[in-house]
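Remarks on the structure that follows.
The values are calculated or read from the model by the stated rules, or taken from the named source; none is laboratory data. Everything numeric here is computed off the predicted structure, so don't read it as measured data. All Cβ positions, even for glycine, are placed from backbone atoms using ideal geometry, and neighbour counts span all protein chains on display. The area values use the complete protein model at the heavy-atom level, side chains included, leaving out ligands, DNA and RNA. Shrake-Rupley method; radii C 1.70, N 1.55, O 1.52, S 1.80 Å.
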Amino acid sequence: MNISSTICWCNVWDKGSIVNVGPDVLALRNGNVIKFVHMQTLAVSYFKAETVATGLHISVFAGHNRFPLFAFAEVVLRPHIYIYKYPEMVKFSTISPHMINYNDIRFCENDLLVGVGGYPDYPICVFNFRTGSLMLEQVTNVPTVARGLCVSNSNLPTIVQFHKQEMSILCYEICSIEKESKLHQISYVEVGKDYLKSCENFMCFGDDNNLYVVNDYGELFQVDIACFLLKTQWKPVYLREDLEHSAARPHALTLHRMGLLISNNTHAFYLKKKAGGYSVEWLIDQLRLQDINRFVSNQNGEIYAEQRLGSIAQVVVDGSAASLVDVVPTGSPVITFRVLNGLKDECVAVLHSDRVAIMDLAKGHTLCEVPVANACAMHSHRSLAVVIVGTEDGRLCMVHFEKATVVSVTFELETNTLAVTALDFHDNWLVFKDQAKGLHIVQVEYRPHKMTAYLDLSEHLKQVFVHSFLLVEGPRLIVAIHRDAKIKLPGSATELWIFNWGKDKRLHRREYALPCPYVSFCVQPPIGRWSQIEIMGVALSSPNFDQFLLNEKEEIHWLASVQTPHFGYILGAMLTKHLVTWSVGGIVVHFRQHKRARKPFMVCRFLNLAFVPENPLRVRECYNSKYLIILLSNQNLRVVRLPSLSDCVRENVELPLSKEDYNVLEQINYKVSPFVPITLKKETKEEYTKADLFKRDKVFSMIGEFAAKVTALIDYDISVTGKTRGVFKKFCFNYKWLDALTDEAHKLCTLERASLERAIEDQSRIRDWIMQQVTREAVSINYKVRSIFADANFESFSMRRKPDMVEFDKYRFYDLEDHIRMSMGSMEDMEEFIQQQRKSPAIKAAVHDHAGQGDAEMAGEEEHRGGELQELKPFVVEGPSVYEHMMAPVFQLQDKNLVTSNQLYNETCKFRYYLNDPLKQEFNKLFHEAQTLKQDTIDSVLSTNKVLYKIYDNMNIMLRLLHMDQFEPPDLTVPALAKDEVIKRIMEVDDSEIKAINRRRRKTIDTGGKKGRLLLWSVEFWSRALIVMMDGVLEKLWEEEIKKDIPVPEFMLKKQPHEYSLEDQKIFRAYEEAVRQLEEDRRKYLRILTENEAKTLDLKSKQILKLNQRVAELMILKLKYDFALKQSRLRLLTVETINFTRVHIRKRIAMFRKDFDKLNDYIRRYGALLEFWERGLADAKSRLEAQQTRDRAIERYFRSTFLNTVPHAQHEMTKLFKKRPKLPAKVFNSVLICMETSHKLSGKQSTRIAFPLPKEIQEFLAYIGEIDAPKNCPPQVDAKSWESFIKLRRQKMESEVRLKAVGYQLADGQGYLASIAKDLTALKDSKNVTQKSSEESVQRYLEVMRNMTLQLTLTLGQVEVSVMGNAQSLSNTVLMHVDDINEVNRLIQDAGNKKIKAMQRVAIFRRQVIFKEWEHKLQKANIAYLKYMLDAIEKCKVSMEFLNILRNWEKVKAERQKFMVAGAIERVVEQKIAAFKRHIERINLKIDIVKANTLEIKRKSHAIDFNIERIKVDVTFQNTLRDTMMEEKRDREQRERMSQIKAHRQLMDNVRRHYAHVLELQTILELLRLRTYPTLGPPLPHCHPPVPEHILSPVPP
């Protein structure tokens, strides 16, 4: 199937797809299209893979950094890998399928290609792409993402694989010899989560062949492969104003020249290594960096950046700063496109978000553009060069193109709707759809250009889902709808509604039912006036399309149903000259006319096959099927040039219709509704009659009168209230409309009141919800009870509202009887349970039987001492108080059986639920009692204050009646609850705490009537009024009666005393007696009030004192409870700390063991790798020796044999034999180039693919061919000899080049062997460090096990300490701090080390003496031997011939060299070398034997060391059992006793010495006291207050 097409251009390119293709070319990818840009000439070329010949789509893509080669793998299963040459775009080689798919591929620097496969094994394959052969394959089982593979720059590449799930790096080495290749994993480095955001491009190899990584904070690390760690190399430093850039964000790392480039979205740092460290050479600080996807550097030392959408910028360095310069621009995302029939040029109109542009189809150049802000939809005219653009703000813009290079916006229409989402444009009518899914009709005019809103169809389409719409001739609007308005996009259509309108202002709507749901509709392109309209519909979820015909009678005929060869469901269709349909699997064109079919659209052809699913939005073939334009859902526009469509056609299948002869869609509804165009609504003018004008004038006059009345009312209100601002709401006019307005206002007030009530309910509900949220976990917040007028206070215990019993199910409680009933039951049930236990003798026997031997011994000791410790269970409270149970002596010890974390958590839970919470509940009960007592005390004090105020009032009344001076009643102290004593005051804010400012003027309020109303509703008004009205009939009180004055007799006011009659005198005497008696009663009542005042004040003080005493007692009790809880909690925490330390050390030891095993494994691997490379190096040396022998043989053959054939031209031929082209020193810089050059020189026919060689090598080969020409042959040499000479010289040059290649291999092998040896040494050092750390951890664990922290409770001078879990009174026990013990042990160890060093020095001195003695004996033996040899030599006789040879040795040697046969010296040398090799083999065999013996001795030494360690542990354990502390304590107590005796003797001497003087001073002081204060005596013992005075003393009233 030939579906190949030529790519013309694309607007955007894939993110991060930029790669190098050789030193001068950059490549970008868009799906299966690759764009190549030659950066020197900016020439652009494209490559597309869509056939079997070129490759079935592109899955992964890579380019070669050094040579113009690129490779890609197909997207199909078991894909090929194709390697192409640039710029010829021809295949260089093909790699046959080896795996199911590829996740990534990478070129090495030479002839290797590395690929990593996909699920499930993720194998790594290494290919030789010159020959297409597989070198090695290894399964890794490491999920590798794109760009998760990295290859080093060396000839022997290191392959790095990134494991994203585990955030780790795996390093492999390729080890190859002549016929064998292996892949070794040499390192596994964990990088951590700090590299998660930067994992796409965070690692690369540096110029020094080391691997570098960068984390999310921009920190550069070197991966130490041998030690499995990251070494910090550089950290970025930001200024204070750039501190926000120091947060975690993605970073990228790129190799550039001799340094590294670290980039993020704000900065790019170029680092170079100087003086052993990296420093910043230059910096890019531009806002454009946030648009950069990736940096790439080439072999020419240039660095480029791929920007957003695929544009390329070059980094230009200027000193210490650099900048980005745009080099290759790119397009913009395309919303939609239209082909303009009114232009002759081959161009297309595209819509961007901010402009409309005309682009050339052949090259993709922008011919012209016009800005249109917020553009979102576009449609074009069928014949004119006019497009209409809809925007997001509801505007319609008409754009006119005079020609392809001239464009202008001719008209804009504000539609006052939401954003325009779709458009359809036909002749003089335009229909658009807004964001609210409403359709609007607009009338269009062209002379001049104008648009006018005509009709709104939104009311007709409210209850349905509008799928799509088409505007056709008529004008008729075809709307595809679905009855379910809630259907989701993209949806489908089940009915067609056809709207048409005319000059009669009537809107006709015809509804047709479709035979099945459809997802896309298109109509025949407009050609002249339409009589019949052809409609194409794509069926839902099928590869079929249906053909309909709309005629003049408004009938829709169903013409045909066609099944297409699509591999998936059709998504859309476009009808131009032919019908184009598309799906996720490809694009098909259906021909309207074809010689192989009678009916239209029955022959088709694939235009594109998508091996990777794509989602096209719009596809169009244009200009007689010359171009195909594809717009994808990601706003990617692709233009391709189509080949000839006459071949590779297929036939569609025509499906049978429901009725063979007549198929007309049923019209289910027809509706006609009149309408008024929007333009007429705006242009209508109302005409008024004279009566209407008279009514208007009357209304204006009424408004004027009303305004005058309101103004007068406002003036009156201002004069009365003084208010000059605000809203006046006083209406005093009796109008109907005013009453109606008032009723409406009342209704509004009712609504507002209801709303306010609901708001108040919501506020209260929210407040209650907040209170519930705050107090959900606790019964209450910690609040206090304070003493009155004192400083004493205490808090309650906060507790959880509901205990979480889930923890009881997770951990089983041991040694706890019926713990579920205890946790859920009450304290009364607990007391009954305890009483039953005490009554049951069986339980006691069980308890005594449960005790161990240690308990029996302890019980015997306690019995011997006369006391017995009661057997109690730790978490079963048997007494009345939880506090007494917790403070029992038996529970003050640490439990040695608590070892595991499960036991510790079990112990903590039991303490929490059975001791901690009950103790808090017990205290909270007392707290609430104190809270109630305080409230009662406050109520009593307040009532007492009322009594006192009444007493003070009566006293002032009596003083006034007695004509005495009155007094001002004192201010009585009023106790109140503080804010931290009531939870509501803690949670709520009082209105008085919020400061509010009322800027309005106070209103004038008449308070007289208000006071009267308040007085009527006062508390005592009615009782007082009743007493006044009844004049004491109900009750007469003595204190009330004495307040009344006795009425003066009437005659005393009218007569003088001498005018009194007897009766008057009698009445006068009675009146005086009554006055005297009244005054005495008043004085008596005054005394009673004074006494009552004192008693009331005393009662008030007692009430306050009683509360303060209770508060002080509970405060002290709270301290005790806190101490008990903290003590128990501290004991548990101590045990948990010890256990945690042990667990931590055990984990550390296990970690060291794991590392130790891992290091052993890596050492074993490195050893095997070292042996492998040693064999490879030996093989390379043997090949080097063989090549050298071959080279010398060619040289000897030339000198000994060939030169004899041309005796007359020996000198010239020797010069020609040594002649070589002059080349730079670094031309033959790799093994590959040398081997390729040697193959070229040999002239043999090779089956493998020629490798592209550099320009210099090609010139070298050309020069050799030139000097081999016959014209360079000397005249004395014949042609046959010249050919032999050329062949011999080429063999010599080939041998020299091969020698260079083998030398490079040998140098690389030696370098890598040294690197492996260095890494192996580093591994051994790490192993030693790990072993040392493990031993230190073991010693630390032993110290932790021996030195455990003890918690002591000192009571009454007795020391209680836990010893094996039993309580003992250690009278002569000494407590020593662990630091003191360590100090003593350190001193002992230092002394021992000094002794060992002294013994070593003595031993070394003795060995030196013995060594000197043996040297003396050796010298004596040598002297004797030399004497013996001297005597032997003196006895020897030398002949004259031998003396002559010795004297003429040089002449003899020269004569012998003349007669030596050629090659004899080489044979001697070879014999010597063979002898030396045999000797070396014997020595190596002895060395192996010695190594084996050494290993055996080491193994025995390790066994002995293990036994020594066990003995040390046993000795240490025995020393721990020895009670040295008791001995030291005894000695220290003796010393302390002696010091106490001495101190006591000194104190007694001081007392005796100063006793007389002190007695004399005391006597003088007593006399002075009696003389000054004779009645003052010492306070009695029972007068001391029980608590401090400042706590209990109240403030005087």
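Cβ separations smaller than 6 Å between residues 6+ apart or across chains give the following pairs from region 1513-1534 residues that are closer than 24 Å to GLU1335 by Cβ to residues that are open to solvent by 80 Å² or more (accessible area, probe 1.4 Å): THR1520/ARG1346.
Where strands (runs of 3 or more DSSP E) fall entirely within region 163-276, none has at least 2 residues that are polar (S, T, N, Q), touching a Pro at 6+ places or on another chain (Cβ under 7 Å) and at pLDDT below 85.
Residues considered: ASN1484, ASN1493, ASN1507, ASN1519. Of these, the only one that is open to solvent by 90 Å² or more (accessible area, probe 1.4 Å) and polar (S, T, N, Q) is ASN1519.
Restricting attention to region 447-456, which residues are open to solvent by 10 Å² or more (accessible area, probe 1.4 Å) and among the aliphatic types (A, V, I, L, M)?
If the condition is that a residue be open to solvent by 10 Å² or more (accessible area, probe 1.4 Å) and among the aliphatic types (A, V, I, L, M), then ALA453, LEU455 are the ones that fit.
Scanning region 896-936 for residues that are open to solvent by less than 70 Å² (accessible area, probe 1.4 Å) and in contact with a strand residue (DSSP E or B) (Cβ under 8 Å, 6 or more places away or on another chain) yields PHE927, ALA930, GLN931, LYS934. Counting the residues of region 1257-1286 that are out of contact with any Pro (no Cβ under 6 Å at 6 or more places or on another chain), open to solvent by 60 Å² or more (accessible area, probe 1.4 Å) and closer than 27 Å to SER1230 by Cβ gives 4.
Among the residues that make up region 665-679, is at least one of them in contact with a Ser or Thr (Cβ under 6 Å, 6 or more places away or on another chain) and either of a type outside the set (Ser, Thr, Tyr) or more than 24 Å from ARG596 (Cβ to Cβ) (or both)? There is at least one residue in region 665-679 that is in contact with a Ser or Thr (Cβ under 6 Å, 6 or more places away or on another chain) and either of a type outside the set (Ser, Thr, Tyr) or more than 24 Å from ARG596 (Cβ to Cβ) (or both).
Taken over region 152-171, residues that are open to solvent by less than 20 Å² (accessible area, probe 1.4 Å) and touching a residue at least 24 places away in the same chain (Cβ under 8 Å) amount to 11. Being open to solvent by less than 20 Å² (accessible area, probe 1.4 Å) and more than 25 Å from ARG509 (Cα to Cα) holds for only one residue in VAL444, VAL431, VAL409, VAL372, and it is VAL372. Is it true that some residue in region 801-814 is at pLDDT 70 or above and farther than 30 Å from THR900 by Cα? No, that holds for no residue.
Any residue in region 469-480 that's on the phi < 0 side of the Ramachandran plot and touching a residue at least 60 places away in the same chain (Cβ under 8 Å): show its pairings with residues that are among the aromatic types (Phe, Trp, Tyr) and open to solvent by 10 Å² or more (accessible area, probe 1.4 Å) at Cβ separation under 7 Å, as long as the two are six or more apart or on different chains. Close Cβ pairs (under 7 Å, with a partner that is among the aromatic types (Phe, Trp, Tyr) and open to solvent by 10 Å² or more (accessible area, probe 1.4 Å)) amount to LEU470/PHE521; VAL472/TRP530; GLU473/TRP530; ILE478/PHE469.
Results for (1) basic (Lys, Arg); (2) open to solvent by less than 10 Å² (accessible area, probe 1.4 Å); (3) over 38 Å from the mean Cα position of the chain (by Cα), shown as yes or no for each residue.
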residue	(1), (2), (3)
VAL21	no, yes, no
ALA27	no, yes, no
LYS35	yes, no, no
PHE67	no, no, yes
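Scanning region 499-525 for residues that are buried (at least 16 other Cβ atoms within 10 Å of the Cβ) and of a type in the set (Asp, Glu) yields a single hit, GLU511. When the residues of region 295-323 are filtered to those that are open to solvent by 40 Å² or more (accessible area, probe 1.4 Å) and assigned to a loop (DSSP other than H, G, I, E, B), the one that is nearest to LEU617 (Cα to Cα) is GLU302. The test for being open to solvent by 30 Å² or more (accessible area, probe 1.4 Å), assigned to a helix (DSSP H, G or I), of a type outside the set (S, T, N, Q) and without any contact (Cβ under 8 Å) to a residue 40 or more places away in the chain holds for GLU459. Of the set (1) buried (at least 17 other Cβ atoms within 10 Å of the Cβ); (2) of a type in the set (D, E, K, R); (3) part of a strand (DSSP E or B), all apply to GLU654 but (1). Taking region 474-493 on its own, how many of its residues are assigned to a loop (DSSP other than H, G, I, E, B) and either farther than 21 Å from PHE675 by Cβ or of a type in the set (A, V, I, L, M) (or both)? Of the residues in that region, 10 qualify. Scanning region 107-121 for residues that are at pLDDT 90 or above and either farther than 14 Å from THR158 by Cβ or surrounded by fewer than 20 Cβ atoms within 10 Å (Cβ to Cβ) (or both) returns PHE107, LEU113, GLY115, VAL116, GLY117.
When LEU471, LEU496 are checked against the criterion of being open to solvent by less than 30 Å² (accessible area, probe 1.4 Å), touching a His at 6+ places or on another chain (Cβ under 8 Å), within 22 Å of GLN667 (Cβ to Cβ) and outside any loop (DSSP other than H, G, I, E, B), LEU471 stands alone in meeting it. Restricting the search to region 565-622, which residues are open to solvent by less than 20 Å² (accessible area, probe 1.4 Å) and aliphatic (A, V, I, L, M)? ILE570, ALA573, LEU575, LEU579, VAL580, ILE587, VAL588, VAL589, VAL603, LEU607, VAL619 - these are the residues of region 565-622 that are open to solvent by less than 20 Å² (accessible area, probe 1.4 Å) and aliphatic (A, V, I, L, M). Taking ASP326 as the residue in question, decide whether it is open to solvent by 20 Å² or more (accessible area, probe 1.4 Å), in a loop (DSSP other than H, G, I, E, B) and either among the aliphatic types (A, V, I, L, M) or over 19 Å from LEU220 (Cβ atoms) (or both). Against the criterion (open to solvent by 20 Å² or more (accessible area, probe 1.4 Å), in a loop (DSSP other than H, G, I, E, B) and either among the aliphatic types (A, V, I, L, M) or over 19 Å from LEU220 (Cβ atoms) (or both)), ASP326 does not qualify. Could you go through region 378-396 and let me know if any residue there is small (Gly, Ala, Ser), touching a strand residue (DSSP E or B) at 6+ places or on another chain (Cβ under 6 Å) and farther than 28 Å from ILE441 by Cβ. No, that holds for no residue.
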